[in-house]
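K.L.:
For reference, the structure I am asking about is given below.
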Amino acid sequence: MKLNIAKLPGDGIGPEVVEEAVKVVEAVCRRFGHEVSWHFAFAGACAIDRFGDAFPEETYRTCLDADAVLFGAVGDPRYDNDPTAKVRPEQGLLAMRKKLGLYANLRPVETFKPLVHKSPLKENLVDGADFLVIRELTGGMYFGEKGRRDNGDTAFDTNIYHRYEIERILKQAFSYAKQRRGHLTVVDKANVLESSRLWRQIAQEMAPGYPEVTTDYMFVDNAAMKLITGPKFFDVIVTENTFGDILTDEASVVSGSMGLLASASVGEKTGVYEPIHGSWPQAAGKGIANPVAAILSAAMMFEYAFGLMAEGKAIRQAVADSLAAGIVTDDLAGGGKAYTTSQVGDWIADRINEQ
Ligand code: IPM
Ligand code: MN
């Protein structure tokens, strides 16, 4: 198969981890006989520096023309403490999500046997946890009307959802739950928020259409607690944009490190595959970033964008082997030997060729 992949490394540790994912994709293509072509584009602070725009038209075109986008991270401390900045790297990510219609963000959380004892949570709580968070990605407060009034002394962000937005994400959620263990948890704040009540109403309308799925409803504050006191309760979680953002950072603790969590953002146009960790600018260039989240995002790309399941599995197996062999970066070394970003990437890529 010929794979046309847009490569958007972005900022901070993005370029380092994406480079390792590229190595792994190339190893997979060698082994399975695929031909890959890469199309580089700028996004985030590096795009602002060059074009004054965090998601330039040219980058958008590159994404549209590709079969999948491999994305790193965006963000730069130059903008973080400047609330008056007119352009921000994060706008690039949001523009990409909106323009590509990426309304469904799939963030799987699983535990890895060799790492369970390293979790800050009790081993028996996390061992075997395996769930998928589906975060709505193009609606809610992130994109609702926002602004300032009263000479700038009053600020607002509108948490707005339309029926079609809720229906299409719930449809995905029910169908993933059906393919998995048949348990869907709709997370909202329906005791307070009108938008959440609409989510719950629509979920209740749709649930009878999926008799194989047991659907339950949980308030987000309770879900935040349940994620760390009993993560094995969950199979598929579906929630709105802001809640999903917060809960998935929290959920990353379950697998042991944020450096392990991959994601796929899919919807109307080309899908984007990216680690959920951010740009971690303090670590950029030091070779300490964990490339596994980016590498597992490449596995999701093979599976979701190309339907190449064996290729995805080969990556997952090589990652599992690297963790079992203790070939890990500092975040997972726990005082033992830490390998560099590229050593971990090389090991995983070599492993794929040896399998
Ligand atoms: C994420 C990130 C982004 C978000 C930021 C960088 C805009 O935290 O992908 O989770 O809030 O969606
Ligand atoms: Mn986030």
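K.L.:
Which residue, chosen from Ala310, Met300, Gly334, occupies the Cα position most advanced towards the positive end of the dipole of region 278-355, where the dipole is computed from +1 (Lys, Arg) and -1 (Asp, Glu) charges on Cβ about the Cα centre?
P.N.:
Gly334
K.L.:
Hey, another quick one. With springs connecting C-alpha atoms under 10 Å apart, model the chain as a Gaussian network and identify which of Tyr164, Tyr217, Tyr273 has the largest mean-square fluctuation.
P.N.:
Ranking Tyr164, Tyr217, Tyr273 by mean-square fluctuation puts Tyr164 first.
K.L.:
I would also like to ask the following. Mind checking which of Asn290, His277, Gln172 is farthest towards the positive end of the chain's charge dipole, using Cβ charges of +1 (Lys, Arg) and -1 (Asp, Glu) about the Cα centre?
P.N.:
Selected residue: Gln172.
K.L.:
For region 112-143 and region 171-207, what is the separation of their C-alpha centers, rounded to whole Å?
P.N.:
19
K.L.:
Now a separate question. In deg cm²/dmol, rounded to 500, what helix-only [θ] at 222 nm does the chain give when every DSSP H run of at least 4 residues adds -39500 (n - 2.57) and the total is split over its residues?
P.N.:
-13000 deg cm²/dmol
K.L.:
On a C-alpha basis, how far is the centre of region 293-355 from the centre of region 13-33 in Å? Whole number, if you could?
P.N.:
Centre-to-centre distance over Cα atoms comes out at 10 Å.
K.L.:
While we're on this one: Using alpha-carbon pairs under 8 Å, 6+ residues apart, how would you state the relative contact order of region 120-255 in percent? Don't jump to the answer; show the numbers that get you there.
P.N.:
Numbers: 212 pairs, mean separation 53.1, N = 136.
Normalised by residue count, the contact order of region 120-255 is 39 percent.
K.L.:
Can I ask one more? Using 1/(1 + (r/R0)^6) with R0 = 41 angstrom and r between the beta carbons of Asp127 and Lys2, what's the FRET efficiency to the nearest 0.05?
P.N.:
0.50
K.L.:
From the square roots a ≥ b ≥ c of the eigenvalues of the alpha-carbon gyration tensor of region 38-149, which class results: rounded (a/c under 1.5), prolate (a/b over b/c), or oblate?
P.N.:
prolate
K.L.:
Could I ask something else about it? Express the relative contact order of the chain as a whole percentage, based on alpha carbon pairs under 8 Å and six or more residues apart in sequence.
P.N.:
Relative CO of the chain lands at 23 percent.
K.L.:
Also, I was wondering about something else. What accessible area per residue, rounded to a whole number of Å², is obtained for region 120-255 using a probe radius of 1.4 Å?
P.N.:
Working: 6380 Å² over 136 residues.
Accessible surface, normalised per residue, equals 47 Å².
K.L.:
Assign one of three labels to region 120-255, namely rounded, prolate or oblate, based on the Cα gyration tensor with a ≥ b ≥ c the square roots of its eigenvalues; rounded applies when a/c is under 1.5, prolate when it is not and a/b is larger than b/c, and oblate otherwise.
P.N.:
Cα axes put region 120-255 in the oblate bin.
K.L.:
Using +1 on the beta carbon of Lys and Arg, -1 on that of Asp and Glu, and nothing else charged, what's the dipole of the chain about the Cα centre, debye to 20?
P.N.:
480
K.L.:
Shifting gears a bit: R0 = 30 Å: FRET efficiency of Glu35 with Lys178, Cβ-based, nearest 0.05?
P.N.:
Numbers: r = 34 Å, r/R0 = 1.15.
After rounding to 0.05, the efficiency reads 0.30.
K.L.:
For the chain, compute Rh as the Kirkwood radius over C-alpha pairs and then the Stokes-Einstein diffusion coefficient at 25 °C and 0.890 mPa s; write the answer in µm²/s, rounded to an integer.
P.N.:
118
K.L.:
Considering only DSSP beta bridges where both residues belong to region 120-255, give the percentage that are antiparallel (nearest 5).
P.N.:
Taking every DSSP beta bridge with both residues in region 120-255, the antiparallel ones total about 20 percent.
The values are calculated or read from the model by the stated rules, or taken from the named source; none is laboratory data. Here the structure is a predicted model, which is why all the values come from computation and not from measurement. Here the Cβ is made from the backbone with ideal geometry for all residues, glycine too, and neighbour counts use every protein chain on show. To get the accessible areas, we keep the full protein, side chains included, count just its heavy atoms, and leave off ligands, DNA and RNA. Shrake-Rupley method; radii C 1.70, N 1.55, O 1.52, S 1.80 Å.
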